[in-house]
Structures are given as C-alpha cells and as structure tokens.
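Peer 1: Attaching a single structure in structure tokens format; questions to follow.
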Amino acid sequence: MRFATDVNDSSEPLVEVFDPQGTPIYWTETVKGLAPQLPASTLQSATADRAVPFNATPINGPTMRLYVRSVGPSGFVLVVGQPLFGIQGQLDALRWFLIAGTFLSLVGAAAASWLVAGRALRPLDAMANTAEDIGRTQDLSRPPDSGTNDEVGRLQHSFNQMLRQLEDAYQRLRSALIAQRRFVADASHELRTPLTTIRGNIGLLLKREDITSEDRVAALNDIAGESERMSRMVQDLLTLARADAGYHLEKAPVDLRPIVQDVSRQAQTLQPTRRIDLLDGVPATVEGNADAIKQLLWILIDNAFKHTHEDGHIEVRLLRNGESAALTVSDDGPGIPAGDLERIFERFYQSDTARSGEGTGLGLAIARWIAREHGGRVYAANNPSGGAAFTVELPVEKVLANS
C-alpha cells in the first residue's frame, strides 16, 4: 500500500487479508515497507464463527494484539490488530505513576503517623522521663501535666494522682521515721538519768561500808524514787507506742460529771495543802472510755500540782457548750511562755525551769492522744490573773445533744 505506515513507528490499527495459501492480499500497515508476515499457526487458528485473539509478532515487527477470523467459504483470513508498544508505554507510565504515588503516599503516611504518634505519645514520654527523674532524684513532687482529655490524658491524670498519693505516703513515712528517731533518742536520754542515779546509789551502798544510816536511807529513797519514775515513764512509753501502732480505745456512753467529782476528791485527799475547787456543771455524756478520761484528768491535775506552790489553788470546771463539753483545769502557777503553749504537748518536751518538774514529759502527749481518740482536743492558755489553764473539749453524745 502506497500510504501505509510502518507498524514499528505507528500505533495505528492494522487490517490485513490473507488468501487461502497465507499470502497477504491487502494490508493497511507495513513492516519495513513490506506486508506484515504472520506465523502460519496464527492464520491456521482462524475460525468462521468468532474472532480469535492472539498476541503475535510479525517478522521484523513489534508484538501486536491481533484478532483473526476466517471470512467466506474460500478460506480467506481477516486479521485486525494493533501494536502493543503504545499501550505498553501507557501501562509503564501508569505503573511508574502508581509506584511513585504509592511511595509518596507511604512517605506521607509515615510522616503523618510519626507526627500524630509523636504528639499522642508525648505525654507518655513525659511520664517516662518523670519516672526516670523520680528514680534518680527520689523527688515525687514533679508530676507532668498534659492538659488533654483523651485516654492518654486520663492515664496521665491517674499517674499524677498516684504520684501525689505516693508523695503523701512518703512524707508521712518520713515524718514517722523522724519522730521515731527523736522519740527513741529522747527516751534513751530520759531513761539514762534515772538509771545513772540508781547505779550511782547502788555503787555507793556497795563500796562504802562506813556510810551513815541517814545516807543509806537517802540513797535507798533515791533508788526507789527513780525506779518509780522510770516505771511511770516505761508505762507512758507503752501507752504512746500503742497509740502509734493504731490502737483505739473502746467507747461507751460516759457521764463526765461523776468522773470529775471523783478525781477532784481523790486529788484533794492526796494533796491536802493545796486547794482544789470543783465548779460543778450540768451532766455531760460523751461517747468515750471512762478509764482514759480519768487518766486524762489526772494528767492535767498532776501537772497543776507540779507547777503550784504548797498552798496553791487549782480550779476544775465542767461546762456544756452546745454540742461539746469543756473540761478546764487551771492553776495559779507561773504560767506558760507563749512560744511553748503548743510545744508542751510534744513528747519529752519540758518548758522553762519555772514550769519544769520531775515528770517524764509524756503526760501531756498522752492527754492529747486521749482527747483525739474521743474526737476532741486539748489546748493550753494563760489565765489573765496568772497561772495556766488546760481545756479539754469533747463532743457530747449526739442523742443527748439534740434533746
């Protein structure tokens, strides 16, 4: 054909007709100026009922997609096809486009995932850094705060709450250990004094045969007195040890008025040279332990004995103030320095020499524990006319408080 184009350079469709002997008699495209020559097997496969598709390569030509069909009764073969290099180029371009698109999508997805995951995991990273800092510095007071309200934020909030609870527990444990060390040191110091006195007097009695009867009696009295003082101290220490261990008093309805009357009467009998005035109040029933309340009142009266003169005056007052009962023991002694009004309730603490005596320094600490066990408090103040006043406030029984 004069105007036929070469299939190696064109993607135009090829139409070619072969006679029964396989010789091309018509073609629209050429292969290097000649009619395209197809394999004999391709032509032999032609049928009259349908076009058979093939991928075939003409001699010196490109691979083509062909449809072959027998035409007419004489065995002519019609071939229609098109070179595949155009489609293949499009497929290659599409393949590279898909590869590039997939690569860029993966890179973009990875970058987006990295950014999103980094932002989402930043609070977890902060928690990990905080945990490492806590392990290194033992400092629980620096919890991180994400400020978000998602699952990670709630996890961090729970983590921070756990850190605060651990910090509180750590501080309580630390305070308890410090108090325990101070308590043991003070107890050792306080017990050393009576033990030294006892050992000294025993050594005197054992080594001196020429000791007078008066000195012997004095030494024995010192031994007995210090032994009694040490026994009281040990008993007080046991009481406070039970308090530290979480021991709680058994309680029942108790009327304070008979207890105040009995203790005041007994105290007057023990110290006839001092005047103890009992100002009776209305009955006040509390939910408490009668023995512990009696011990508390004895501690306050005994404290007043130690800080008043032989002819001193002690006043015991029981009042009802709304839903609480106030029990006050006041004396006419030297009073308490303003800076010591709270510290005198600490264990082994002794105020200045004007109000120091021969006590163990544990009584007021026990009194405070008893008051707190009853849901109340005890505090000290100075009277305007001189002397000190100790007041115990206890909640009255609720049934009676509403009557």
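The values are calculated or read from the model by the stated rules, or taken from the named source; none is laboratory data. As the structure is a prediction and not an experimental result, all values here were calculated from the model. No Cβ is skipped: glycine too gets one built from the backbone with ideal geometry, and neighbour counts run over all protein chains shown. For the accessible areas, the whole protein counts, side chains as well, though only heavy atoms, and no ligand, DNA or RNA atoms are used. Shrake-Rupley method; radii C 1.70, N 1.55, O 1.52, S 1.80 Å.
Peer 1: Connecting C-alpha atoms closer than 10 Å in a GNM of the chain, tell me which of THR212, THR57, THR102 has the biggest fluctuation.
Peer 2: THR57
Peer 1: What 222 nm value per residue comes from the helices of the chain, counting each DSSP H run with n ≥ 4 as -39,500 (n - 2.57) and dividing by all residues, nearest 500 deg cm²/dmol? Provide the component values of the computation, followed by the final result.
Peer 2: Values: 8 runs with 194 residues, N = 403.
Value at 222 nm, helices only: -17000 deg cm²/dmol.
Peer 1: When a/c reaches 1.5 or more, the comparison of a/b and b/c decides; with that in mind, is the range 178-324 rounded, prolate or oblate per its Cα gyration tensor?
Peer 2: Working: a/c = 3.21, a/b = 1.61, b/c = 2.00.
Since a/c reaches 1.5 but b/c is at least a/b, the shape of the range 178-324 is classed as oblate.
Peer 1: Identify, among VAL392, ALA367, TYR26, the residue whose Cα sits farthest towards the positive end of the charge dipole of the chain, taking +1 on the Cβ of Lys and Arg and -1 on the Cβ of Asp and Glu, with the dipole about the Cα centre.
Peer 2: TYR26
Peer 1: Over the chain, what relative contact order in percent results from Cα pairs under 8 Å that are six or more residues apart?
Peer 2: Working: 565 pairs, mean separation 35.5, N = 403.
Relative contact order of the chain: 9 percent.
Peer 1: Still on this structure, I have one more. Step through the residues of the range 39-45 one at a time and calculate ³J(HN,Hα) from phi using the Karplus curve (6.51 cos²θ - 1.76 cosθ + 1.60, θ = phi - 60°), rounding each to whole Hz and writing x for Gly and Pro.
Peer 2: My calculation for the range 39-45 gives x, 4, 5, 5, 5, 5, 7 Hz in order.
Peer 1: Moving to a separate point now. Under the 0.36 nm per residue contour assumption, what length would be gained going from the current alpha-carbon distance of ALA112 and THR57 to full extension? Numbers along the way, then the final one.
Peer 2: Numbers: separation 55, 0.36 × 55 = 19.80 nm, distance 4.86 nm.
Between ALA112 and THR57, full extension yields an extra 14.9 nm.
Peer 1: Sorted by mean Cβ packing within 10 Å, highest first, what order do the peptides 106-112, 330-336 take?
Peer 2: Details: 106-112: 10.0, 330-336: 22.1.
Sorting 106-112, 330-336 by mean packing, highest first, produces 330-336, 106-112.
Peer 1: How would you order 291-301, 254-264, 18-28 from highest to lowest mean count of nearby Cβ atoms within 10 Å? List each step's numbers first, then the result.
Peer 2: Values: 291-301: 21.4, 254-264: 18.2, 18-28: 14.5.
Highest mean packing first, the order is 291-301, 254-264, 18-28.
Peer 1: Using alpha carbons only, how many degrees (0 to 90, rounded to 10) separate the axis of helix 213-244 from the longest principal axis of the chain?
Peer 2: Taking the Cα atoms of the chain, the angle to 213-244 is about 30 degrees.
Peer 1: Continuing with the same structure: Give a residue-ordered list of calculated ³J(HN,Hα) values for the range 379-389 (Karplus: 6.51 cos²θ - 1.76 cosθ + 1.60, θ = phi - 60°; whole Hz; x for Gly, Pro).
Peer 2: 8, 10, 8, 9, 6, x, 8, x, x, 10, 9
Peer 1: Also, I was wondering about something else. How much accessible surface area, in Å² rounded to 10, belongs to the heavy atoms of ARG275 with a 1.4 Å probe?
Peer 2: The accessible area of ARG275 comes to roughly 130 Å².
Peer 1: Same structure, new question: Using a ≥ b ≥ c from the Cα gyration tensor of the range 46-94 (square roots of the eigenvalues), is it rounded, prolate or oblate, where a/c under 1.5 gives rounded and otherwise the larger of a/b and b/c decides, a/b for prolate? Let's see the in-between values first.
Peer 2: Details: a/c = 4.33, a/b = 2.34, b/c = 1.85.
Verdict is prolate for the range 46-94.
Peer 1: In debye, nearest 20, what is the charge dipole magnitude of the chain about its Cα centre with +1 on Lys and Arg Cβ and -1 on Asp and Glu Cβ, if you could check?
Peer 2: So the dipole magnitude of the chain works out to roughly 840 debye.
Peer 1: Just to be sure I understand: with springs between alpha-carbon atoms less than 10 Å apart, which residue in ASP49, ASP236, ASP125 has the highest mean-square fluctuation in the Gaussian network model of the chain?
Peer 2: Looking only at ASP49, ASP236, ASP125, the largest GNM fluctuation is found for ASP49.
Peer 1: From the residues LEU204, ALA381, ALA241, which one has its Cα farthest along the dipole of the chain in the positive direction, the dipole being from +1 and -1 charges on Cβ of Lys/Arg and Asp/Glu about the Cα centre?
Peer 2: Working it through, the farthest residue towards the positive pole turns out to be ALA241.
Peer 1: Using per-residue counts of other Cβ atoms within 10 Å, averaged over each peptide, order 161-174, 383-396 from highest down. Walk me through the numbers before you get to the answer.
Peer 2: Numbers: 161-174: 12.5, 383-396: 18.0.
For the peptides 161-174, 383-396, the packing ranking is 383-396, 161-174.
Peer 1: Can you tell me the orientation of helix 151-207 relative to the chain, as the angle in degrees between its alpha-carbon axis and the longest Cα principal axis, to the nearest 10?
Peer 2: On a 0 to 90 degree scale, this one is about 30.
Peer 1: Antiparallel as a % of all DSSP beta bridges within the chain, to the nearest 5?
Peer 2: Values: 48 of 55 bridges.
Taking every DSSP beta bridge with both residues in the chain, the antiparallel ones total about 85 percent.
Peer 1: Count the net charge of all other residues whose Cβ sits under 13 Å from the Cβ of GLY200, scoring Lys and Arg as +1 and Asp and Glu as -1.
Peer 2: On the way: positive: ARG192, ARG199, LYS207, ARG208; negative: ASP215, ASP222, GLU226.
Computed value for this residue: +1.
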